[in-house]
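J.: The structure that follows is given in the form of structure tokens.
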Amino acid sequence: MRFAVLGTGIVGRTLAGKLSSLGHEVVIGTRDPAATLARQELDAAGNPPIAGWLAEHPAVRLVPYAEAGAFAEAYVNATSGSGSVPALEAVGAANLAGRIVIDVANPLDFSQGFPPSLNPVNTDSLAETIQRAFPEARLVKALNTMSAHLMVNPSALPGPHSVFVSGDDADAKKTVTDLLVSIGWLAEEVYDLGDVTSARGSEMLLPIWLRLYGSLGHADFNFHIQQAPARQL
Ligand code: NAP
């Protein structure tokens, strides 16, 4: 499948690399490729600029959002929460119509420092904001509740652990679930939370994820839904 991964941070490049390794055609979308390639500083999380990563992944091209829109059959939104709608606007509503958008972004608001707050939250979510802005896109919220490394390396943790999907389109959620399984997730650990409003739940896991990150001092952990055996399908 032809994927456009929107976002040049650690999440975008990690997912782009995995999708490419699985045989998909992948581009990474950014606002201004020349400016992105010219970066030399580490990002806020200490990740190196993307130019070195691209040199090691020649099959993945860095393109402007609009070109990513013209290329792709499916999208991954790995932009910042506040940048998500602008990025998707640049991709183009017509390009998104009828296409799956896997939304891994979180509506983190760092304007008051760390830890960030969520905006929107509780009675709304970033996923719903995107779905409202692009009603013809087939949005599936997924993978937003663990580190980028674990998104594509679930076996890096011993034992089962869980990933959540939300969205209005059942077929799109099935396609994304199959993709998650191809990445290495156990099918029984993919929890369908419900329609797009259920993304409020997975997005609202971020405050506890961030507090765990602070108290544990690392990101090598994930949530696991433990059910009584009689309740398991
Ligand atoms: P990030 O720093 O949150 O986002 C970087 C990307 O956002 C860049 O590609 C940037 O575009 C784009 N962007 C920012 N403002 C924009 C705007 N106004 N218009 C268009 N694009 C804009 O990157 P990240 O740390 O990889 O995280 C990506 C998303 O995944 C976030 O929503 C984050 O909350 C979520 N997430 C992160 C992790 C993790 O392990 N870090 C885990 C789960 C979920 P340019 O390329 O043009 O600069």
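The values are calculated or read from the model by the stated rules, or taken from the named source; none is laboratory data. Quick caveat, the model's predicted, so the values are computed rather than measured. Here the Cβ positions follow ideal geometry from the backbone for every residue, glycine too, while neighbour counts run over all protein chains shown. Surface accessibility is based on the protein's heavy atoms, side chains included, excluding ligands, DNA and RNA. Shrake-Rupley method; radii C 1.70, N 1.55, O 1.52, S 1.80 Å.
J.: For the range 49-58, give me each residue that is surrounded by fewer than 16 Cβ atoms within 10 Å (Cβ to Cβ) and either of a type in the set (A, V, I, L, M) or within 13 Å of the ligand (Cβ to nearest atom) (or both).
T.: Listed by number, the residues that qualify are A51, A55.
J.: Restricting to the range 115-168, name every residue that is part of a helix (DSSP H, G or I) and within 12 Å of the ligand (Cβ to nearest atom).
T.: Those that are part of a helix (DSSP H, G or I) and within 12 Å of the ligand (Cβ to nearest atom): L126, A127, I130, A148, H149, L150, M151, V152.
J.: Determine whether F71 is within 16 Å of L206 (Cβ to Cβ), of a type in the set (F, W, Y) and either open to solvent by 70 Å² or more (accessible area, probe 1.4 Å) or in contact with a Lys or Arg (Cβ under 9 Å, 6 or more places away or on another chain) (or both).
T.: no
J.: Now for a different question. Working only within the range 155-183, note down all residues that are over 20 Å from I100 (Cα atoms) and free of Cβ contacts under 8 Å to residues at least 40 places away in the same chain.
T.: S155, P158
J.: Considering each of L6, L19 in turn, give the residue that is more than 14 Å from the ligand (Cβ to nearest atom), open to solvent by less than 80 Å² (accessible area, probe 1.4 Å) and within 18 Å of V101 (Cα to Cα).
T.: None of the other options fit; the residue is L19.
J.: In the range 88-103, how many are closer than 19 Å to L143 by Cα and crowded, with 24+ Cβ neighbours inside 10 Å?
T.: 5
J.: In the range 184-233, what count of residues is obtained for those that are without any contact (Cβ under 8 Å) to a residue 12 or more places away in the chain and surrounded by 17 or more Cβ atoms within 10 Å (Cβ to Cβ)?
T.: Counting residues in the range 184-233 that are without any contact (Cβ under 8 Å) to a residue 12 or more places away in the chain and surrounded by 17 or more Cβ atoms within 10 Å (Cβ to Cβ) gives 0.
J.: How many residues does the range 22-33 contain that are away from the ligand (no atom under 13 Å from the Cβ) and open to solvent by less than 70 Å² (accessible area, probe 1.4 Å)?
T.: Total satisfying the criteria: 4.
J.: Restricting to the range 34-45, and then to whatever is of a type outside the set (D, E, K, R) and open to solvent by 30 Å² or more (accessible area, probe 1.4 Å), can you tell me which residue is farthest from the ligand (Cβ to nearest atom)?
T.: The qualifying residue farthest from the ligand (Cβ to nearest atom) is Q40.
J.: Also, quick follow-up: Suppose we filter G98, G167, G194 for residues that are on the phi > 0 side of the Ramachandran plot, modelled with pLDDT of 95 or more and in contact with a strand residue (DSSP E or B) (Cβ under 6 Å, 6 or more places away or on another chain); which single one remains?
T.: The match here is G167.
J.: Which residue, of L216, L186, L212, is modelled with pLDDT of 95 or more and under 21 Å from L15 (Cα atoms)?
T.: Result of the check over L216, L186, L212: L186.
J.: List, please: which pairs have Cβ atoms under 7 Å, are six or more places apart or on different chains, and start with a residue in the range 32-49 that is closer than 16 Å to I10 by Cα and end with one that is modelled with pLDDT of 95 or more and assigned to a helix (DSSP H, G or I)?
T.: Going by the 7 Å Cβ cut-off, the qualifying pairs are T36/I50; L37/A51; A45/I10; N47/I10.
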